[in-house]
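For reference, the structure is listed below as structure tokens.
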Amino acid sequence: MKELILTLQKDIIVPVEMDKVIPNVIENLSLEEIKNLELVQGRKRVKVGDLFDVELNEIEGEPRVVIKNSNNKLKYVGSKMTKGEVIVEGDVGMYVGAEMKGGKIIVNGNADSWAGQNMKGGELLIKGSARDYVGSAYRGDWRGMSGGKIIVEGNAGNEIGEFMRKGLIHIKGNVGIMAGIHQNGGIIIIDGDVDVRVGGEMKAGAIVVYGKVDEVLPSFKYEGIVENPVIKLSKKDEGTPIEGTFYKFIGDYVHNKPKGQLYISVENNPHLI
Amino acid sequence: MEYIIKNGIVYDPLNGVNGEKMDICVKDGKIVESVSDNAKIIDASNCVVMPGGVDSHSHLAGAKVNVGRIFRPEDSVKDIYAKKGLRTGTGFSVPSTYKTGYQYSEMGYTMVVEAAMPPLIARHTHEEFIETPQIDKAAMPLFGNNWMVMEYLKEGDIKACAAYVAWLLKATRGFAIKIVNPGGTEAWGWGKNVHSLDDPVPYFDITPREIVRGLAEVNEMLGLPHSIHVHPNNLGHPGNWETTLETMKCVEGIEAKPRYGERETSYYNTHCQFHSYGGTSWKDFESKAIEIAEYVNKSKHVVIDVGQITLDETTTMTADGPMEYDLHMTNGLKWANCDVELETGSGVVPFIYSPKGPVYAVQWAIGLELFLHTNTDKVLLTTDHPNAGPFIRYPRVIAWLMSKKYRDEWLYNKVHKWAQQRSHVADSDKEYDLYEIAKITRANQAKVLGLSETKGHLGVGAEADIAIYAIDPEEKDGKKIEKAFRYAKYVLKGGDVVVKDGNIVKQIFGDTIYVDVQVGEDLMNEVLKDVEEKFRRYYSVNIDNYPVSDKYANSWRVIKIDATDIN
């Protein structure tokens, strides 16, 4: 299979849309064809070969795209990919992994907003931090992330997992306000602290917070303390075990019969109850 | 510029031309008897030639359409229109203005009427018209919940009401009297609705029956080109067919007396599909389309447009505020609501008509039943764009009507079985021919709008608005029919070729048509005193800032009516 190595030649000011350079597309292309692929840059079109040094190798296994010297002006990296691997050396711009269906993206840096927007499957690993709307729905849509896994090793911004329906988001650092807003399924795990209004208007799914929570919305109902719970999102669900001792809440009762589960670490939040 | 369209198979119902091979001559924007040898030849062999399409009910411009655009970015992203040399546009169910104009034109449409214009926000509608290319436009201001109208009709002062209607039509550059859920939208201001024709409106203590009948009388007194254009009470509620019939019956005996045009009907029931529901709840929901069609067929005064469900994800928008609230409570999706001072209100909610939904399947079948059972002189093709589906689906509706095979393919394979069980659509073998298609998409519409002197036909003297489709009259393959009507081979607008092979080749801007009725001066002065009083006391704007000024159109076309005998 093919390995494509793109090295950004110099810093750019106007963002470039990288949605055409994904493993399932490049596996059928020659070096020349790849160099001539047109990318959208602002209101112009540029060729891959004009922006990047391009190198194409034969490798074992799945097709792979490596982007070196990357920065946050490269948008839609790995967007809509179905298989293979994308490895980003450096930061990445908005919409990394948007609508991806399969394969894996590894970002060895920070990601801008909308990482994994409307993601359907596959895995997105961000080694640095991510900005707002990780794993959210397209602006205005009520049908968000429907599968796959997003892991952010640093912090994340506001409104992560907005309208999420399925899949997993794991943030190892802290997150901003309204994590899991309108959540309708899936699991969000936050190892660090969260800002206010966690789970606002959620209908289903689960949010686990290991760090500090200043306050829980008054429209959540306290259920008691649980130890090493197994999160079940439906009757048929085998369950996802999590470790620790948590206050369990159900909400958000702005809706009728909500099924959203909120688990908040007892150890770091003695002030809550 | 001269053109001769050669060897086309012509369908022109208003002139009784049914599939004759003939040439059509065009000179200086009009259809003429003959042209010189210098005329450019358009080869229409193996093609069908029809007058340009006319859409009498579509929500294409104005405040609530724009709310739909703004609050549905997820609809915008679904359909992006970017063709070289043309303005780009976005939106599947609520397209931006240029996209709207281009796509209507691609389908061979040359005139579209905006179905609901809140008078106070008329400017917004006209501003969007200015930016809507390719088609002629007109807008119908809303009267059915207007305080002035309700007060005059309550007092029984038909003449004063007529003068007020004339003033408002001119002030807003409107085209006809639109009535939406008469009294219901006003009741919504109190958090209520009206549920039958004799349910009084809070405070005004007038019934929907009095509003509809009163405005029908006003309409014929003024002799407007179009009749009253009515969206009756109880839209979308199971069992509403009785209200629909009652409303049609309540204007029996009011004869059409247009002072302009050749209209014969005095009552236009819009999106009749939404008003032909039987049952008492969604559980025993069933079609009453045949009952409605039977009444329409035997009644001289009624004409209907269908509002065919196209089974798409779309955006509903109407001045029927309480109905939109009900819809929002049913589907749980986002909802926008607006109150327009003394005049009307509105609501917007996204909606997904899934073919697998039992109720949606029946709604789909009801629309088709109306087409199949109503006399084809009395039915018009619409999807109430975008309420039942976007207008770009007209070709698909045409395909369902022309091909029983294609209709059955959907009925038995794609939609829920309720469509077979709770309607009679499966029993009908009727297939529309192109003559009937020409009626329901242009001839009937032009006539009922009162514009048939120059629109909707191909006789000498008509505007050269012509659509040429590459289709065999005997074609029964649904997909081919759809493609032929979606992308016309040629479209001429005002004598210019604007579309060739489905692509826009020339961008033009049509006229905005409005009605200017002159009533007796003394009467108008009396009524203006009342109007001024209302503005002083209640309106948030000054009366001098209310009328739409001359600059709000690329070009106006005025229909002047002398009704000075009303005094």
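Annotations for the structure displayed:
- Per-region count, region A:249-272, residues in a loop (DSSP other than H, G, I, E, B) and of a type in the set (A, V, I, L, M): 3
- Inter-residue pairs, beta-carbon under 6 Å, first away from every other protein chain (no Cβ under 14 Å) and in region A:119-145, second basic (Lys, Arg), 6+ apart: A:Lys120/A:Lys101; A:Gly121/A:Lys101; A:Glu123/A:Lys104; A:Glu123/A:Lys149
- Residue selected from region B:30-51 under the condition out of contact with any Phe, Trp or Tyr (no Cβ under 8 Å at 6 or more places or on another chain) and closer than 22 Å to B:Thr441 by Cβ, by the criterion surrounded by the fewest Cβ atoms within 10 Å (Cβ to Cβ): B:Asn46
- Qualifying position, being open to solvent by 70 Å² or more (accessible area, probe 1.4 Å), under 20 Å from B:Gly332 (Cβ atoms) and without any contact (Cβ under 8 Å) to a residue 60 or more places away in the chain, among A:Lys232, A:Lys236, A:Lys212, A:Lys166: A:Lys166
- Residues of region B:329-355 satisfying the condition of being within 14 Å of chain A (Cβ to nearest Cβ) and within 21 Å of B:Gly91 (Cα to Cα): B:Leu333, B:Lys334, B:Trp335, B:Ala336, B:Val348, B:Val349, B:Pro350, B:Phe351, B:Ile352, B:Ser354
- Filter result for A:Gly109 (out of contact with any Lys or Arg (no Cβ under 6 Å at 6 or more places or on another chain) and either open to solvent by 10 Å² or more (accessible area, probe 1.4 Å) or hydroxyl-bearing (Ser, Thr, Tyr) (or both)): yes
- Any hit, region A:148-156, residues being assigned to a loop (DSSP other than H, G, I, E, B) and without any contact (Cβ under 8 Å) to a residue 12 or more places away in the chain: no
- Selection within region B:102-143 - crowded, with 24+ Cβ neighbours inside 10 Å, in contact with a Phe, Trp or Tyr (Cβ under 8 Å, 6 or more places away or on another chain) and among the acidic types (Asp, Glu): B:Glu114
- Strands (runs of 3 or more DSSP E) wholly inside region A:8-106 that include at least 1 residues being within 30 Å of A:Glu162 (Cβ to Cβ) and open to solvent by 60 Å² or more (accessible area, probe 1.4 Å): A:85-90
- Every residue from region B:421-460 that is of a type in the set (S, T, N, Q) and within 20 Å of B:Ala365 (Cβ to Cβ): B:Gln421, B:Ser423, B:Ser428
- Residue that is open to solvent by 10 Å² or more (accessible area, probe 1.4 Å) and within 13 Å of another protein chain (Cβ to nearest Cβ), where the choices are B:Lys64, B:Lys78: B:Lys78
- Any hit, region B:399-407, residues being touching a residue at least 40 places away in the same chain (Cβ under 8 Å) and assigned to a loop (DSSP other than H, G, I, E, B): yes
- Residue ID - nearest to A:Lys73 (Cα to Cα), chosen from residues in region A:112-155 that are open to solvent by 10 Å² or more (accessible area, probe 1.4 Å) and in contact with a His (Cβ under 8 Å, 6 or more places away or on another chain): A:Ile151
- Residues that are open to solvent by 10 Å² or more (accessible area, probe 1.4 Å), under 24 Å from B:Glu114 (Cα atoms) and not charged (D, E, K, R), drawn from region B:291-317: B:His301, B:Leu311
The values are calculated or read from the model by the stated rules, or taken from the named source; none is laboratory data. Just so we're clear, the structure is a prediction, and the values are computed from it rather than from any experiment. In this analysis, Cβ positions are derived from the backbone assuming ideal geometry, glycine residues included, and neighbour counts consider all displayed protein chains. Accessible surface is based on the protein model in full, side chains and every heavy atom, while ligands, DNA and RNA are left aside. Shrake-Rupley method; radii C 1.70, N 1.55, O 1.52, S 1.80 Å.
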